[in-house]
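Presented below is the structure to which this report refers.
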Amino acid sequence: MAFLDHVLQPPSYGWENENGELVRPSKSTLLKEFFSRLNVIRDRKNWLPFFGWFKVLCLAPFFVLFFVKFFSLFTVVAVFVYGMMIMGTHGTVWHHRYCTHGAFKFRNRFWRFFTQQLTLNIIPEEIYVISHHVHHAKSDQPGDPYNAEAGFWYCFLADVNHQPIAKDLSEEDYCRVTRLMAHTGIRGNTYQQYQRWGSYANPLRTIGISLLNWSFWYLVFFLIGGNALACSLFAAAGIWAVGVRTFNYDGHAHGDIKHRDGIDYNRDDKSINQLWPGFVAGEWHNNHHLYPKSARSGFKAYQLDMAWLYIRLMYRLGAVVSYKDYKSAFLLRYASADDTVKLSKKRLKVAPAPVV
């Protein structure tokens, strides 16, 4: 069995039925699986998905304070900018393009740590990275951890029900997990520790880093704008933490085929380009599935890509030493005749040496 076929912990209802067709569990079945996998009393190996949702619950009081006590035009704008644009762009830069796809390379550990901690720590890297490799290998097929064909709740609860790594990996397979995570800078468990905790992430280190990250950013926000700004931006992080769990359902067209000529060029899966996630987070999803290792996914003139702008800025500052950019390849293959003529009159830009 291929590594990506069994690296994730399968849900109790399975990925596919005896005919090889996608299992579409009911909402009640999904919720039952969700709460079962959050039960750390029954099994301590559930600690990582539990911790992920515990952080979301910890942000709920800030959300209430924002609406009840600190609601104003200033804080609303701050919440929009931080929650939609800054958190979204950071997620694309850090979790998506760097941690999962290695689309660029930092000069040293300092700049990697700087980028990692640039916003509130919300999503555990392990939960995102390993499952996202599976997503690309099995996009919209049985085994895809957030297969939109199975419905909204299948995707929304995926970080608990489908994305954690399996708890019974062999030592060889666990070493493959560590290799997929090594460049992220996350110091993982030994195989013996993995057998105890069921995760690559170490509980003490993960919890400690999150506490330091949250404390640092609350202090920074408080010094800038007092409790009003601090509570509002923590509320924004909570909004993002819930909203990001809806993305793949939307980004894969709710499981339907909704490709548009001249916009969605990848037809191997149901991913689509959308203006909102594209503009606020650089997530041009169909383009990304076309060239998953590209540090840029906004290939057309109107496709603003703030994640790419951050990566390019870091490159100009010397914090990033190399990146992969497939815009030229995209234009050569998919541009219109007029665009091709214009492109032929210019020298194509060549990206710096790609990360191997």
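The values are calculated or read from the model by the stated rules, or taken from the named source; none is laboratory data. Since this is a predicted model, take the numbers as computed values, not measurements. Because the Cβ atoms are built from the backbone with ideal geometry, glycine has one as well, and the counts that use them run over all protein chains shown.
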- prompt: Restricting attention to segment 250-275, and to residues there that are of a type in the set (Gly, Ala, Ser) and under 22 Å from Ala137 (Cβ atoms), which single residue is surrounded by the fewest Cβ atoms within 10 Å (Cβ to Cβ)?
  reply: Gly255
- line: When Ile272 is run through (1) at pLDDT 95 or above; (2) over 26 Å from Ile122 (Cα atoms); (3) in a loop (DSSP other than H, G, I, E, B), the failure sits at (2)
- request: State whether one or more residues within segment 55-74 are out of contact with any helix residue (DSSP H, G or I) (no Cβ under 6 Å at 6 or more places or on another chain), assigned to a helix (DSSP H, G or I) and of a type in the set (Lys, Arg).
  value: yes
query: Given the structure, is Arg37 in contact with a Gly (Cβ under 7 Å, 6 or more places away or on another chain) and at pLDDT 95 or above?
result: no
task: Answer yes or no as to whether Tyr82 is in a helix (DSSP H, G or I) and under 25 Å from Ala166 (Cα atoms).
output: no
message: Looking only at segment 301-325, how many residues end up being over 23 Å from Arg112 (Cβ atoms), of a type in the set (Ser, Thr, Tyr) and in contact (Cβ under 8 Å) with a residue 12 or more places away in the chain?
response: 0
task: Kindly list, by first and then second residue, each pair from a residue in segment 191-219 that is among the aliphatic types (A, V, I, L, M) to a residue that is buried (at least 17 other Cβ atoms within 10 Å of the Cβ) and part of a strand (DSSP E or B), limited to pairs with Cβ atoms under 8 Å and residues at least 6 apart or on different chains.
output: Ala201/Gly188
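Conditions tested, residue by residue: (1) surrounded by 15 or more Cβ atoms within 10 Å (Cβ to Cβ); (2) of a type in the set (A, V, I, L, M).
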position: Lys45; (1), (2): yes, no
position: Leu59; (1), (2): yes, yes
position: Phe62; (1), (2): yes, no
position: Val77; (1), (2): no, yes
query: Residues Asn108, Asn161, Asn121, Asn189: which one is in contact with a helix residue (DSSP H, G or I) (Cβ under 9 Å, 6 or more places away or on another chain) and more than 16 Å from Arg205 (Cα to Cα)?
result: Asn161
field: Subset of segment 333-355 (residues that are surrounded by 14 or more Cβ atoms within 10 Å (Cβ to Cβ), out of contact with any helix residue (DSSP H, G or I) (no Cβ under 7 Å at 6 or more places or on another chain) and modelled with pLDDT of 50 or more)
entry: Tyr334
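Can you tell me which residue in segment 204-235 is surrounded by the most Cβ atoms within 10 Å (Cβ to Cβ), limited to those that are over 30 Å from Asn189 (Cα atoms) and in contact with a Leu (Cβ under 6 Å, 6 or more places away or on another chain)?
Just the residues of segment 204-235 that are over 30 Å from Asn189 (Cα atoms), to begin with: 219-233, 235.
From what is left, the residues that are in contact with a Leu (Cβ under 6 Å, 6 or more places away or on another chain) are 221, 231.
Numbers: Phe221: 21, Cys231: 23.
Once the filter is applied, the top-ranked residue is Cys231.
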- request: Being buried (at least 19 other Cβ atoms within 10 Å of the Cβ) and in a helix (DSSP H, G or I) narrows it down to one of Gly298, Gly238, so name that one.
  value: Gly238
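This table checks each residue for (1) buried (at least 23 other Cβ atoms within 10 Å of the Cβ); (2) more than 24 Å from Ile257 (Cα to Cα).
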{"position": "Tyr128", "(1), (2)": "no, yes"}
{"position": "His132", "(1), (2)": "no, no"}
{"position": "Lys138", "(1), (2)": "no, no"}
{"position": "Gly143", "(1), (2)": "no, no"}
{"position": "Phe152", "(1), (2)": "no, no"}
{"position": "Phe156", "(1), (2)": "no, no"}
{"position": "Asn161", "(1), (2)": "yes, yes"}
{"position": "Leu169", "(1), (2)": "no, yes"}
